[in-house]
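One structure below.
The values are calculated or read from the model by the stated rules, or taken from the named source; none is laboratory data. In this text the structure is predicted, and so the values were computed from the model without any measurement. Note that we place each Cβ from the backbone using ideal geometry, even for glycine, and neighbour counts take in every protein chain shown. Note: areas computed on protein heavy atoms with side chains; ligands, DNA, RNA excluded. Shrake-Rupley method; radii C 1.70, N 1.55, O 1.52, S 1.80 Å.
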Amino acid sequence: MNNLEFFLDKSALVGNENQILSSEEFKNLLQKESFEYINVPSFNQLKDIQAGEAGIKNALIEVDYAIAETGTVVIDSINENKRLATCLAEKLFVVMPISKLVASLNDVADFIEERTSDMGGYVAFITGASRTADIERVLTVGVHGPKEMAVYILNDL
């Protein structure tokens, strides 16, 4: 299995919706969809809002890395609004250029150290919708993060 197949397999296991798109297909999607928060530097797309009590319906964020062995995306979240968007969005859409896909956590160690060496650094690891259970094993989705997650994998960036 190659890295992309590993990522897709692990990401699907936690219920993520995964789509492989070209840059052109993604641009068309951007024109059709309406996102409350957008942070996609590769396409010069930024729509910043501050989350209020109502939260955020949806957010679109470009990842810094993706880890194949776990299906996890890695996001530098030092910006508070970006961090809130990833945690409070009902549905989180992430943009993953295929060039950002690495095999394992070891491959992002330098990035993590660089981004967290100063006080206040914050790197988020998101594998899918938030899931938590109480002592009676009652599962609740979306308490500590998004209720749904979709990954747009861009195969030509």
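Hey, can you tell me all the residues within region 28-42 that are hydrophobic (A, V, I, L, M, F, W, C) and free of Cβ contacts under 8 Å to residues at least 40 places away in the same chain?
Initial filter on region 28-42 (hydrophobic (A, V, I, L, M, F, W, C)): 29-30, 35, 38, 40.
Answer for region 28-42, where residues must be hydrophobic (A, V, I, L, M, F, W, C) and free of Cβ contacts under 8 Å to residues at least 40 places away in the same chain: L30, I38.
What residue, among those in region 44-55 that are within 24 Å of G120 (Cβ to Cβ) and assigned to a loop (DSSP other than H, G, I, E, B), is least open to solvent (accessible area, probe 1.4 Å)?
Filtering region 44-55 for residues that are within 24 Å of G120 (Cβ to Cβ) and assigned to a loop (DSSP other than H, G, I, E, B), the one least open to solvent (accessible area, probe 1.4 Å) comes out as A51.
What number of residues within region 89-131 are open to solvent by less than 50 Å² (accessible area, probe 1.4 Å) and farther than 22 Å from F35 by Cβ?
10
Just one of S77, S104 is under 16 Å from the mean Cα position of the chain (by Cα), farther than 18 Å from E17 by Cβ and among the polar types (S, T, N, Q); which is it?
Values: S104 fails: under 16 Å from the mean Cα position of the chain (by Cα).
Answer to the selection: S77.
Output the number of residues of region 63-80 satisfying the condition of being open to solvent by 10 Å² or more (accessible area, probe 1.4 Å) and of a type outside the set (S, T, N, Q).
6
Step by step: first the residues of region 63-77, then only those that are part of a loop (DSSP other than H, G, I, E, B) and acidic (D, E), then the one that is nearest to Y122 (Cα to Cα). Which residue is that? Before the answer, list the steps.
Start the filter on region 63-77 by keeping residues that are part of a loop (DSSP other than H, G, I, E, B), which leaves 63-64, 68-71, 77.
Those left that are additionally acidic (D, E): 64, 69.
Values: D64: 13, E69: 22 Å.
Ranking the candidates gives D64 first.
Rundown of residues vs (1) open to solvent by 60 Å² or more (accessible area, probe 1.4 Å); (2) within 27 Å of T116 (Cα to Cα); (3) in a strand (DSSP E or B), yes/no style:
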{"residue": "M1", "(1), (2), (3)": "yes, no, no"}
{"residue": "K10", "(1), (2), (3)": "yes, yes, no"}
{"residue": "Q31", "(1), (2), (3)": "yes, no, no"}
{"residue": "F35", "(1), (2), (3)": "no, no, no"}
{"residue": "S42", "(1), (2), (3)": "yes, yes, no"}
{"residue": "K57", "(1), (2), (3)": "yes, no, yes"}
{"residue": "I61", "(1), (2), (3)": "no, yes, yes"}
{"residue": "K82", "(1), (2), (3)": "no, yes, no"}
{"residue": "C87", "(1), (2), (3)": "no, yes, no"}
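Could you tell me how many of the residues in region 127-137 are aliphatic (A, V, I, L, M), in a loop (DSSP other than H, G, I, E, B) and either under 24 Å from E17 (Cα atoms) or modelled with pLDDT of 75 or more (or both)?
Initially, region 127-137 is screened for residues aliphatic (A, V, I, L, M), giving 129, 133, 135.
Next, from what is left, pick out any that are in a loop (DSSP other than H, G, I, E, B): 129, 135.
With either under 24 Å from E17 (Cα atoms) or modelled with pLDDT of 75 or more (or both) added as a condition, the list becomes 129.
Total meeting the criteria: 1.
Provide a single number: the residues in region 89-126 that are aliphatic (A, V, I, L, M), farther than 22 Å from D48 by Cβ and not in a helix (DSSP H, G or I).
Within region 89-126, the first condition is being aliphatic (A, V, I, L, M), and the residues that meet it are 89, 92, 94-96, 98, 101-103, 105, 108-109, 112, 119, 123-124, 126.
Those still in the list that are farther than 22 Å from D48 by Cβ too: 98, 101-103, 105, 108-109, 112, 119.
Filter again for not in a helix (DSSP H, G or I), leaving 101-103, 119.
Here the count works out to 4.
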